[in-house]
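Undergrad: Below you'll find the structure I mean.
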Amino acid sequence: MPLPRKAIADWVRPMFERDPDPYAGADLDTSRRFQAGLLGLCGLLALTFLPLEPVDEQIGAAGWPIAVALGLGSLAAALAMARRRPTFDDLLIVAYAGIAGIAALNYLAGGGSSAYEDLFVLWLGAGASHPPRRALLHLATMVAALALPLAYEGTGAEIIDDMAAEALILVTIGLLLTAYQASVRRQHVRLRTGAEVARRLAGVDPLTGLGNRRAFDEALTVEIARCERGRGPLAVGLFDVDNLKRINDRNGHGEGDRCLGEVARTMESAVRRSDRCFRWGGDEFVVVMSDTDRASAAAVLERVSEAVTKAFQAPGGRAIELSWGLAEREPGASAEDLLAAADLALLEAKTDKRR
């Protein structure tokens, strides 16, 4: 049953769409090792072919040292690629250099159907690891190199038929390899995107949309490390929503959740752009303030508290109020020490409110 035209178009079209990162989803290390293996294998085969396929047809005995140099050079280049870390652009340059090398060996052997010409099929893999546009240009260059003997060997019908058959094989295999590699790269992009989304969601509190405790722990670890490198002060503020239990008991947990969501949104709009808000758990929120001393942090927390009180009311018309505690990191203090100090300050603030 033939494939629907739309399905084929949907499969082919993404291969040729412009992409700001054409190598998205590609693995440089895998491509490097694969191309180094191809280069080494081509060089080894070229040296093996020498006794079977003389290279003195065009320029006489001078062809032998050139052919040996090309074979040994391929082995040396393969070893260098395996040990170093070239870029994708470097790999593409080597892919074109490989075409030139095979074409030169084929020329030295007289062209036509020499054994060296078969190396083109093997070298298709060097171009297929690149994005479709570059891979197809590499394929077209290879077909042109395959046809070069027509310029110095003649254009007899038998020769042209052989060239056409070999070119058809190259194009068919090249297109299949290019399509397969493009499909693999797209799949890798989807998998990486899915993993990144899952990672972000794992750090988001579903009720408020703020970072959760896991995200807070990661952020605080990073900020502590920054402080230890002497890059400015660090302050942490803890908020507690007053009387949330009363709202839940009188109006239901749905209304309590709504209040938490409103607090989170107001909090994010009231802090500075550099500050990061998280839901610590229950009715508690935490704000991480980098490059901020105690006095500046206190002004931020007070502004947040006032913004929440003015923004909305609890059921019954009573204003939502926040209690907060603040701690600035002392030299050598751990994340646990900083949180404990902020928690103690919050406890003292709530105690003062009850008096």
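The values are calculated or read from the model by the stated rules, or taken from the named source; none is laboratory data. Remember, predicted model here, so these are calculated numbers, not experimental data. In this analysis, Cβ positions are derived from the backbone assuming ideal geometry, glycine residues included, and neighbour counts consider all displayed protein chains. Please note that ligands, DNA and RNA were not included when accessible areas were found on the heavy atoms of the full protein model with its side chains. Shrake-Rupley method; radii C 1.70, N 1.55, O 1.52, S 1.80 Å.
Undergrad: Condition first: in a loop (DSSP other than H, G, I, E, B), in contact with an Asp or Glu (Cβ under 7 Å, 6 or more places away or on another chain), open to solvent by less than 40 Å² (accessible area, probe 1.4 Å) and polar (S, T, N, Q). Now tell me which residues in the stretch 73-129 satisfy that. It would help to see each step written out before you state the result.
TA: Our first condition is that a residue be in a loop (DSSP other than H, G, I, E, B); within the stretch 73-129, this holds for 84-87, 109-114, 129.
In the following step, the residues that additionally are in contact with an Asp or Glu (Cβ under 7 Å, 6 or more places away or on another chain) were identified as 109-114.
Going one step further and asking which of them are open to solvent by less than 40 Å² (accessible area, probe 1.4 Å), we end up with 109-112, 114.
Correct list: Ser114 only.
Undergrad: Follow-up. Return the pairs, sorted by first residue and then second, in which the second residue is open to solvent by less than 40 Å² (accessible area, probe 1.4 Å) and not in a helix (DSSP H, G or I), the first residue lies in the stretch 64-81 and is touching a residue at least 24 places away in the same chain (Cβ under 8 Å), the beta carbons are less than 7 Å apart, and the residues are 6+ apart or on different chains.
TA: Between residues of the stretch 64-81 that are touching a residue at least 24 places away in the same chain (Cβ under 8 Å) and residues that are open to solvent by less than 40 Å² (accessible area, probe 1.4 Å) and not in a helix (DSSP H, G or I), the close pairs are Ala67/Leu50; Ala67/Val55.
Undergrad: Can you tell me how many residues in the stretch 141-168 are modelled with pLDDT of 90 or more and either hydroxyl-bearing (Ser, Thr, Tyr) or loosely packed, with under 13 Cβ neighbours inside 10 Å (or both)?
TA: Residues in the stretch 141-168 being modelled with pLDDT of 90 or more and either hydroxyl-bearing (Ser, Thr, Tyr) or loosely packed, with under 13 Cβ neighbours inside 10 Å (or both): 3 in total.
Undergrad: Going through the stretch 191-232 one residue at a time, which ones are surrounded by 11 or more Cβ atoms within 10 Å (Cβ to Cβ) and over 19 Å from Phe278 (Cβ atoms)?
TA: Hits for the stretch 191-232 are Leu191, Arg192, Thr193, Glu228, Arg231, Gly232.
Undergrad: Another question about this same structure. What residue, of Leu148, Leu220, is more than 23 Å from the chain's Cα centre (by Cα), touching a residue at least 40 places away in the same chain (Cβ under 8 Å) and under 30 Å from Val287 (Cα atoms)? Steps first, please.
TA: On the way: Leu148 fails: under 30 Å from Val287 (Cα atoms).
Exactly one of Leu148, Leu220 is more than 23 Å from the chain's Cα centre (by Cα), touching a residue at least 40 places away in the same chain (Cβ under 8 Å) and under 30 Å from Val287 (Cα atoms), namely Leu220.
Undergrad: Okay, moving on. In the stretch 31-63, how many are open to solvent by 70 Å² or more (accessible area, probe 1.4 Å), within 26 Å of Thr87 (Cβ to Cβ) and in contact (Cβ under 8 Å) with a residue 60 or more places away in the chain?
TA: Selection size over the stretch 31-63: 2.
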